[in-house]
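Engineer: Would you mind keeping the following structure in view while I ask a few things?
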Amino acid sequence: MIKAYVLILLYVGKLEEVLDKLRKIENIKSIAVTTGDYDIITRVSVEKLEELMEVTDKIQLAGGIKRTTTSVIEKEIEL
């Protein structure tokens, strides 16, 4: 299982539109609206790296998105 965070920077005024589209993308496990350098952080879970590329492509094509950064989780520590 491959897990990653996709950090998303939006164009102004596009939050609700993008949230609606992200909710429909398979393999997105959570969506967080954040402050700081990025507007949204999604958590993605897939079986293969190729699937991660497909998910990030779908995110980038959602419209209203200025930039994304994907960080693959190497090790996750649950408390």
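Engineer: Please state which one of Ile28, Ile59, Ile41 is farther than 10 Å from Ile8 by Cα, of a type in the set (A, V, I, L, M) and modelled with pLDDT of 95 or more.
Structural biologist: Just a single option satisfies the conditions, and that option is Ile28.
Engineer: Determine whether the stretch 26-49 contains at least one residue that is out of contact with any strand residue (DSSP E or B) (no Cβ under 7 Å at 6 or more places or on another chain), surrounded by 15 or more Cβ atoms within 10 Å (Cβ to Cβ) and not in a strand (DSSP E or B).
Structural biologist: no
The values are calculated or read from the model by the stated rules, or taken from the named source; none is laboratory data. Since the model is a prediction, treat every value here as computed from it, not as a measurement. Here Cβ is always computed from backbone atoms with ideal geometry, including for glycine, and neighbour counts include all displayed protein chains.
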